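Notes follow the structure.
The values are calculated or read from the model by the stated rules, or taken from the named source; none is laboratory data. Please read all numbers here as calculations on a predicted model, not as lab measurements. With ideal geometry, Cβ positions are generated from the backbone for all residues, glycine too; neighbour counts draw on all protein chains shown. Surface accessibility is based on the protein's heavy atoms, side chains included, excluding ligands, DNA and RNA. Shrake-Rupley method; radii C 1.70, N 1.55, O 1.52, S 1.80 Å.
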Amino acid sequence: MAGISLIDSLFQSSLDVVIKSLRLCPPGAEPTLIAKSLEEIRREIKSTDPQTKSVALEKLAYFHSLHGIDMSWAAFHSVELSSAASHSHKRIACLSAALSFNPSTTDVILLLTHQLRKDLSSSNVHDVSLALSTLSSICNPDLSRDLTPELFTLLGSSRFFVRKKAIAVVLRVFEQYPDAVRVCFKRVVENLESTDMGILSAVVGLFCELSAKDPRSYLPLAPEFYKILVDCRNNWVLIKILKIFTRLAPVEPRLGKKVVEPICEHLLRTGAKSLAYECVRAIVTSFDDCDSAMKLAVEKLREFLFDDDPNLKFLALQALAIAAEKHMWVVIENQEMVVRAMNDEDINIKLEALRLVMSMVSEDNVMQICTVLIGHARKSDPYFCNEIVGFILQTCSRNFYEVIFDFDWYLSFLGEMARLPHCEKGGDIATQLVDIGMRVKDARNELVRVARDLVIDPALLGNPLIHGVLGACAWISGEYIKFSKNPFELMEALLQPRTNFFPPAVRSVYIQSAFKVLASCLHSYIELSGNAVPQHSELSESVSNLNLQDDSVRASSEISYDSETDNEKTFIPDVQAASGFSRGCNMTKDSILGLLNFVEVNLRPLAASDEVEVQERASNVLGVVELVKPRLTDDQSNETQDRKTFEIIELISDLFSEELGPVSLNAQERVWLPDGLVLKKDLNDLEEICGDINFPLPTSFSLVPPRILEKDIASSSISENQSMEASEYVSESTSLLAKHRKRYGLYYLHSDDKETGPEEYPPAEEPRDKNATEEADDFVKLAEQSLVVKKLPNKVKARPVVVKLDEGEKSDIGTEKLKASSDLLSGAVQEVLLGNVASTSSSKSKSSASAGKEHRHHGKHKKHQTSGKDTQVDGKNRKKRESQRHKHKPQQGTEGEPTIGAQSSPTIPDLLL
Amino acid sequence: MIRGVIIMNDKGKPRLVKFYEFQPVEKQQELIRSIYKILCSRADNVSNFVKADSIFGPDARLVYKTFATLYFVFIFDASENELAVLDLMQVLVETLDKCFSNVCELDVVFNFKKVHTILDEIILGGQVIETSSTEVVKAVEEISKLENKSNSIISSIPGWQR
């Protein structure tokens, strides 16, 4: 064993040699070389000689860090080597540990505890600092707990070199083990008075991080922070202090007046751009109430905007965007520069400028801005073009299209955007087209026109980016067929052979739309023939040619439908529409027969399609065709059969003509929840998964998908009753479902909530002559109403759910979960700080001390209260709670929060006065 | 907080990778690739900031700077000032320059451990702890001395100890 080891050691290749051979190896040979090297490492690392081991470990760490090689198997070797006598070996061990250990899964971490403790107490500063740096990378709750005493000692160390590092590590330890706050916090706070810039910088940085999560807890330290703000001249420290105040100001508005003055002084005084920018950002973010400060900040921003340095320009635009939220004048004043920045060569700057331009959009200028932007988009590269389109879509749809007055314009604009060659926002455009169709009744005529233009344009078929839009347009054409002037032309477009290249989802929409068109044509034909015998028009002959295939079809039909009649026919809305539409289109027996043949010829092959959706829908249509055709072709007419067929047609047509519309979010709440169905649990998980997904449209409403199935009709009456007795509300599921609907199949998802019968649509559905914006307003109002309504049943609802989930937690579980981790920390901080201020800075603020005591007293009182509650809970639960101090705390934290908020203001009166 | 420091060359090869929150190796490699994809598409003389939300989640910012053949990349969150991080990058480069006298890519390639040592003296656990390159150089030199001292006893001949 020793012999092998000795030979290994003698011929061991160092890291340098390995790197050299890696650099020399021909391209492609690298993996083999690494594998060979790894084999050696696996042997060498077992050596008992620390030098051999360390070289092996160093090589391995190198491969791990820069070549992505797994080294979790070697974790124990790092631990072994960490106790080496040589600092250089130790350093390699620590480096490999820091780079490769996973704090939550590497189980050998705990074996390091003893060695780290030894090193933390070492007399050599570099041993200590190495241990600290390792600890910061790998610390987990256990390690933090075990090493807190050593850390506490280091926080008061006379060696500033290690003290500042200890302060930096404390942040990690607090996060992992909040109880460490009780031990270390006092010392940390004491360091705020240090004169050493390194230490001050570290401790201010620490508070900057802490205050990001929970600013309120650190309000009592405001006097200390203020002192630093006024006295300190170190830019690094000042930047962090400014960040702290930016976060404190919103929770204590009175801070603003006091702090804004020194901030302005720094802004005027400093030559450092970083500090100046931080001052500006602080002012526009949190101190924007002070006019003089705002003016100063904006002046500085303008300076940055005119600077040649693209970094400053970019940051200035970002700051403008922050300011724009409340102070539009800031952007308008700098409008010219912003617009100019849209032509910058830097994509970041362009995007920021675009965002600012969009923030300026209002109902008065939306048309101009959008027209200008789309012109700009045409000239831009595809990426920026899509960004522009995305921003336009987002801005215009904001809050139910609140900026849009002229929907006709907007719809044709949407069509224009969809035709942009690189437009990748087809999905959003499609969503909005359908959404507007449902929400804005008065715009449907124009909508159908826009949809028709897109559907019949053969040039668009080849562009896969636009397929989503075409699907939406096809749906619109089918759904609002009564607004269409020429259904034959539509049918032709919907069933043209080239649609075979579409994805199945779009194709099935096309077929379904064709179904609707067909049903509508048949219906109007029957309506007409009910009064009069179908006339044979002169066009009928050419129409019947439709059953010919492909190109000949198109040619002949183009002749057959006189385009002039299209133009002169104005649409006749609603009740009149159907008859007007049929009259305009020469519904004759022959033309209908031609249509039927055309449909049959084109759909027959699809009845054998691989795609079930396509197949099923094609079969549906064919079924109708087969049903109707004999009735039209048979000479000896069978009265009863005719009637039956016509009744069916009428039924189908009625079904399709039933209007679809947006539905209140609350609709889902009326759904009867079956017993034993636990919605809450799973959907909570879903929320975590979907949490980071942004939904482009503000969603207070969801869209109900069309109910195409006949069954729905039957069930709607039952469902009405159900909704009456429905008493189960699941708020999470509602919003999630809404989000889900927004994302997927607006018009394509089969509805399961049959409860939302037509009677239950919000009033927005009711026919009336209001203009679109009023309607939109109504939506907003409705949304508000629905929110109000939501609260009451929730309260009623909350109790049984909590009982089911036991644990005895009364507050909302969702919020609890979110807060839990930060509460542990901030709860501990509040406890320590409010007791602590009294002892550490008693010389400074007597009042704060008394307030602290008062609060402590109050805290005790609180404890009594909570324990009182506990007694109500059954005995088991109480035991559990008492044993788990962790669990107890968050609750205390949340409950205590408002009290502390109220209390904390008197803790800093000397600052505020 | 600083979330990560990456040095890579203009071919996308990483030369130093340090994340201050644990990232699995595969994830690290993926992040490096996506960063490189962004960086190599950017022209010279444009701003040094890149929106990194898509790679690192909301609130993440990325600053990079090119020095000869190397990209220096810092990833950080809202608790840092963008311009200050740019300065910090300068500190790192200055320090490397002093430690290796006229630093070039090869120095970074062949001094895996030392570059990490230098970085550890500037940033610890995502917190900036030293901004003066002189101080850092001093500390790094001390550490080198310490290492050589302990090494010289045993390790001049590998395997000698036994």
Next on the checklist: Residues that are on the phi > 0 side of the Ramachandran plot and of a type outside the set (S, T, N, Q): does region B:90-101 have at least one?
Outcome noted: no
Checklist entry - Within region A:150-159, can one find any residue that is under 27 Å from A:ALA74 (Cα atoms) and crowded, with 19+ Cβ neighbours inside 10 Å? => result no
Checklist entry - Out of all the residues in region A:138-154, is one or more under 35 Å from the mean Cα position of the chain (by Cα) and under 26 Å from B:VAL136 (Cα atoms)? => result yes
Next on the checklist: Six or more apart or on different chains, Cβ atoms under 8 Å: show the pairs whose first residue is in region A:414-434 and touching a residue at least 40 places away in the same chain (Cβ under 8 Å) and whose second is surrounded by fewer than 23 Cβ atoms within 10 Å (Cβ to Cβ) and basic (Lys, Arg).
Outcome noted: A:LEU420/A:ARG378; A:THR431/A:LYS742
Next on the checklist: Out of everything in region A:609-625 that is under 13 Å from A:ASN500 (Cβ atoms) and of a type in the set (A, V, I, L, M, F, W, C), what residue ends up being surrounded by the most Cβ atoms within 10 Å (Cβ to Cβ)?
Outcome noted: A:ALA618
Checklist outcome for this item: Listed by first then second residue, the pairs whose first member lies in region B:66-92 and is within 11 Å of chain A (Cβ to nearest Cβ), whose partner is among the aromatic types (Phe, Trp, Tyr) and assigned to a strand (DSSP E or B), with beta carbons under 9 Å and at least 6 positions apart or on separate chains, are B:GLU80/B:PHE74; B:GLU82/B:PHE49; B:GLU82/B:PHE76; B:VAL85/B:PHE74; B:VAL85/B:PHE76; B:LEU86/B:PHE49; B:LEU86/B:PHE74; B:LEU88/B:PHE74
Item to check | Residues that are under 22 Å from A:GLU209 (Cα atoms) and assigned to a helix (DSSP H, G or I), drawn from region B:92-135 | outcome: B:LEU119, B:ASP120, B:GLU121, B:ILE122
Checklist entry - In this structure, is A:LEU24 hydrophobic (A, V, I, L, M, F, W, C), more than 8 Å from every other protein chain (Cβ to nearest Cβ), open to solvent by 30 Å² or more (accessible area, probe 1.4 Å) and within 20 Å of B:MET8 (Cα to Cα)? => result yes
Checklist entry - Could you list, in sequence order, the residues of region A:101-130 that are open to solvent by 10 Å² or more (accessible area, probe 1.4 Å) and β-branched (Val, Ile, Thr)? => result A:THR105, A:THR106, A:VAL108, A:THR113, A:VAL125
Item to check | Positions within region A:391-401 being at pLDDT 85 or above and buried (at least 18 other Cβ atoms within 10 Å of the Cβ), in sequence order | outcome: A:PHE391, A:ILE392, A:LEU393, A:THR395, A:CYS396, A:SER397, A:TYR401
Item to check | Among (1) within 30 Å of A:CYS232 (Cβ to Cβ); (2) buried (at least 16 other Cβ atoms within 10 Å of the Cβ); (3) away from chain B (no Cβ under 14 Å); (4) more than 38 Å from the chain's Cα centre (by Cα), the one test that A:VAL181 misses | outcome: (4)
Item to check | Any hit, region A:258-276, residues being among the basic types (Lys, Arg) and without any contact (Cβ under 8 Å) to a residue 40 or more places away in the chain | outcome: yes
Checklist entry - Before we move on, is A:ALA98 open to solvent by 10 Å² or more (accessible area, probe 1.4 Å), part of a loop (DSSP other than H, G, I, E, B) and more than 8 Å from every other protein chain (Cβ to nearest Cβ)? => result no
Next on the checklist: Given the options A:SER133, A:SER137, name the one that is open to solvent by less than 20 Å² (accessible area, probe 1.4 Å), within 9 Å of another protein chain (Cβ to nearest Cβ) and assigned to a helix (DSSP H, G or I).
Outcome noted: A:SER133
Checklist entry - Does region A:260-278 contain at least one residue that is of a type in the set (Asp, Glu) and surrounded by fewer than 20 Cβ atoms within 10 Å (Cβ to Cβ)? => result yes
Item to check | Yes/no for A:ARG172 being in contact with a Gly (Cβ under 7 Å, 6 or more places away or on another chain), over 28 Å from A:ARG254 (Cα atoms) and either in a helix (DSSP H, G or I) or among the hydrophobic types (A, V, I, L, M, F, W, C) (or both) | outcome: yes
Checklist entry - Somewhere in region A:284-303, is a residue acidic (Asp, Glu), open to solvent by less than 50 Å² (accessible area, probe 1.4 Å) and within 14 Å of another protein chain (Cβ to nearest Cβ)? => result no
Next on the checklist: Condition first: in a helix (DSSP H, G or I), open to solvent by 60 Å² or more (accessible area, probe 1.4 Å) and either within 16 Å of A:PHE314 (Cα to Cα) or more than 8 Å from chain A (Cβ to nearest Cβ) (or both). Now tell me which residues in region B:17-50 satisfy that.
Outcome noted: B:LYS27, B:GLU30, B:ARG33, B:LYS37, B:CYS40
Checklist entry - Restricting attention to region B:51-63, which residues are surrounded by fewer than 22 Cβ atoms within 10 Å (Cβ to Cβ) and not in a helix (DSSP H, G or I)? => result B:LYS51, B:GLY57, B:PRO58, B:ASP59, B:ALA60, B:ARG61
Checklist entry - Do we find a residue being within 11 Å of chain B (Cβ to nearest Cβ), touching a Phe, Trp or Tyr at 6+ places or on another chain (Cβ under 8 Å) and part of a helix (DSSP H, G or I) anywhere in region A:50-58? => result yes
Checklist outcome for this item: For A:SER72, the lone unmet condition from (1) within 14 Å of chain B (Cβ to nearest Cβ); (2) open to solvent by less than 30 Å² (accessible area, probe 1.4 Å); (3) closer than 30 Å to A:HIS114 by Cβ is (2)
Checklist entry - Which of (1) of a type in the set (Gly, Ala, Ser); (2) more than 14 Å from chain B (Cβ to nearest Cβ); (3) in contact with a Lys or Arg (Cβ under 6 Å, 6 or more places away or on another chain) does A:SER47 not meet, given it meets every other one? => result (2)
Item to check | Residues of region B:1-16 that turn out to be in contact (Cβ under 8 Å) with a residue 40 or more places away in the chain, more than 9 Å from chain A (Cβ to nearest Cβ) and not charged (D, E, K, R), as a count | outcome: 7
Next on the checklist: Could you check region B:28-52 and list, in sequence order, the residues that are in contact with a strand residue (DSSP E or B) (Cβ under 9 Å, 6 or more places away or on another chain) and either of a type in the set (Ser, Thr, Tyr) or more than 22 Å from B:VAL109 (Cβ to Cβ) (or both)?
Outcome noted: B:TYR36, B:ILE38, B:ARG42, B:ASP44, B:ASN48, B:PHE49, B:VAL50, B:LYS51, B:ALA52
